[in-house]
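Have a look at the structure below, then the notes.
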Amino acid sequence: MYDDSSIGTLATRLRAEVARLRTGDRLPSSRALTEQYKVSPVTVSRALSTLAAEGLIVTRPGNGTFVADRPVRSAAAPDFGWQAVALGDRTVDATGISAMMPVAPEGMIALSGGYLHASLQPARALAAAASRAVHRPSSWERPPVSGIPGLREWFARCVGPDIAPGDVLVASGGQAALSASLRALLAPGAPLLVESPTYPGVLVAARAAGFHPVGVPLDADGVRPDLLAEAFSMTGARVFYCQPTYHNPTGTVLSAQRRAQVLSVARAAGAFVIEDDYARHLAISPGPPPLATLDRDGTVVHLTSLTKVTAPSMRIAAVIARGPVAERIRATQVVDSFFPARPLQETALELVSSPSWPRHLGAVRTALRRRRDTLAAAVARELPGVSATTPSGGLHLWLRFPYGLDEVALAEAATRHGVLVSAGRPSFPAEPPAPYLRLSYSMAASEAELTEGVRRLAQAL
């Protein structure tokens, strides 16, 4: 595996070198670049491919690599001002999602983000699964709109014995599944009940589609059913989005008693519950069955994904729904994107059907337990007076700071000290009750980096 940051660094250096040359000048050979910059031949090849894609260089087989013609640019800057009128005053703010996908520069420790570090991803197993999948000619045919049968059957088995493969719609990742479900269930301007705090991605998706998120507070046992009932009554909402297992960002698990109460409250309101079960495969300690297994009336729309436990580009998820709502969500996805690419679906099925899959899940569970404990211990040691959760699954610690702290300013100061952290404010649909930070224990390169990252955060504080 070759580090994307090394490729990017070399590409930056080569751009500077190309800028000093004239059109038609020849670049050093790949072997010479390998020796000059002390990188691998693969890194050189990919960096040159990047510059070629940008039109800066051209490769002539048998002759070498040369500086491409530079187009003559107009002295006058283009005028895009007219677009302001054409676009109108509606905006799409992706800040909440972009902040969850930071790219840590060299020397920076990542305690922010929602994926596994590359060392925890099943890269070899994924490559083998992809190779088997793409070499089958049938993998390039159009898949069934709802997904290939084997993958639908696997998702159904994972959720519970009463889930039928016909209830499953394969989607292009958890965010796409969430967005399609929201737009299928809600009309523009409608209220959407969410836990407070919640996953920032749902707030971004809801506002971009013209919905109005309304927060329902959590405590140590999850969302409060009494306040949920009150929120349904006051707003007239017909959808409640929640993460009842390993909640992001708090790590809370909705208690068994409250699971039944939440479904009862939703049924009484004539409302749907969108259950985002994003962390089902990231359990450190076993979690309860999904809400969908308690539902007989089609109240629950269940979302689950393979992305978090595999790799960011494994954009495969599932929506499980019953009744007319299932067809509404399916139609919404067809209008948006037809269907997820079949080669990726086939790769996912190959992966989860292979002997390496249970081994990978066990290795991830062990690694996340160690990392969580290491990060929690560092927080307790370096940040006295800060309360932190100890989640039984997921990827994050949720830190509460004393009143009066500006957590956004702290996150910015932490960056200057060489550590990326996430401010808690984007997780709240309204004003937060206290300052919070979310720390990820999955993105750092090692447990030592987790400890050093907290030390740098303490310096920033």
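The values are calculated or read from the model by the stated rules, or taken from the named source; none is laboratory data. Not measured: the values here are computed from a predicted model. Heads up, the Cβs are rebuilt from the backbone with ideal geometry, glycines too, and the neighbour counts pull from every protein chain shown.
For this structure, a couple of remarks:
- Enumeration of residues in the stretch 102-116 that are touching a strand residue (DSSP E or B) at 6+ places or on another chain (Cβ under 8 Å) and either part of a loop (DSSP other than H, G, I, E, B) or not hydrophobic (A, V, I, L, M, F, W, C) (or both): Pro102, Ala104, Met108, Leu111, Ser112, Gly113, Gly114
For (1) touching a Lys or Arg at 6+ places or on another chain (Cβ under 9 Å); (2) crowded, with 24+ Cβ neighbours inside 10 Å; (3) modelled with pLDDT of 95 or more, each residue gets a yes or a no:
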site: Pro188; (1), (2), (3): no, no, no
site: Pro191; (1), (2), (3): yes, no, yes
site: Glu195; (1), (2), (3): no, yes, yes
site: Gly201; (1), (2), (3): no, no, no
site: Arg207; (1), (2), (3): no, no, no
site: Gly210; (1), (2), (3): yes, no, no
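- With respect to the conditions (1) crowded, with 24+ Cβ neighbours inside 10 Å; (2) small (Gly, Ala, Ser); (3) in contact with a Pro (Cβ under 9 Å, 6 or more places away or on another chain), Ser181 falls short on a single one, namely (3).
- Test result for Pro188, outside the structural domain of Thr389 (by TED's automatic domain parsing) and touching a residue at least 40 places away in the same chain (Cβ under 8 Å): no
- For Gly287, the criteria (1) crowded, with 22+ Cβ neighbours inside 10 Å; (2) touching a Lys or Arg at 6+ places or on another chain (Cβ under 9 Å); (3) of a type in the set (Gly, Ala, Ser) hold in every case but one, which is (1).
- Residue within the stretch 290-299 that is acidic (Asp, Glu), over 21 Å from the mean Cα position of the chain (by Cα) and in a loop (DSSP other than H, G, I, E, B) present: yes
- Leu405 under 23 Å from Glu452 (Cα atoms), hydrophobic (A, V, I, L, M, F, W, C) and modelled with pLDDT under 95: yes
- Residues that are under 22 Å from Ala229 (Cβ atoms), in contact with a helix residue (DSSP H, G or I) (Cβ under 7 Å, 6 or more places away or on another chain) and assigned to a loop (DSSP other than H, G, I, E, B) within the stretch 158-216 comprise Pro197, Thr198, Phe211, listed in sequence order.
- For beta carbons closer than 9 Å, sequence separation of 6+ or different chains, a first residue in the stretch 392-414 that is within 29 Å of Leu254 (Cα to Cα) and a second that is loosely packed, with under 13 Cβ neighbours inside 10 Å and of a type in the set (Phe, Trp, Tyr), there are no qualifying pairs.
- Some residue of the stretch 353-371 being over 22 Å from Ala460 (Cα atoms), among the β-branched types (Val, Ile, Thr) and at pLDDT 95 or above: yes
- Within the stretch 217-228, the set of residues being part of a loop (DSSP other than H, G, I, E, B) and aliphatic (A, V, I, L, M) comprises just one member, Ala220.
- Screening the candidates Leu410, Leu450, Leu375 for the property of being closer than 24 Å to Tyr199 by Cα, out of contact with any helix residue (DSSP H, G or I) (no Cβ under 6 Å at 6 or more places or on another chain) and not assigned by TED's automatic domain parsing to the domain that holds Phe155 yields one hit, Leu410.
- Helices (runs of 4 or more DSSP H) wholly inside the stretch 333-448 that include at least 3 residues being crowded, with 23+ Cβ neighbours inside 10 Å: 342-352, 356-382
- Counted residues, the stretch 307-317 - those being surrounded by fewer than 24 Cβ atoms within 10 Å (Cβ to Cβ) and within 19 Å of Gln333 (Cβ to Cβ): 3
- Any hit, the stretch 66-85, residues being in contact with a helix residue (DSSP H, G or I) (Cβ under 7 Å, 6 or more places away or on another chain), modelled with pLDDT of 80 or more and more than 27 Å from Leu203 (Cβ to Cβ): yes
- Cβ-Cβ under 6 Å pairs, at least 6 apart or on other chains, the stretch 194-216 side under 15 Å from Asp93 (Cα atoms), far side among the hydroxyl-bearing types (Ser, Thr, Tyr) and part of a strand (DSSP E or B): Val202/Tyr241
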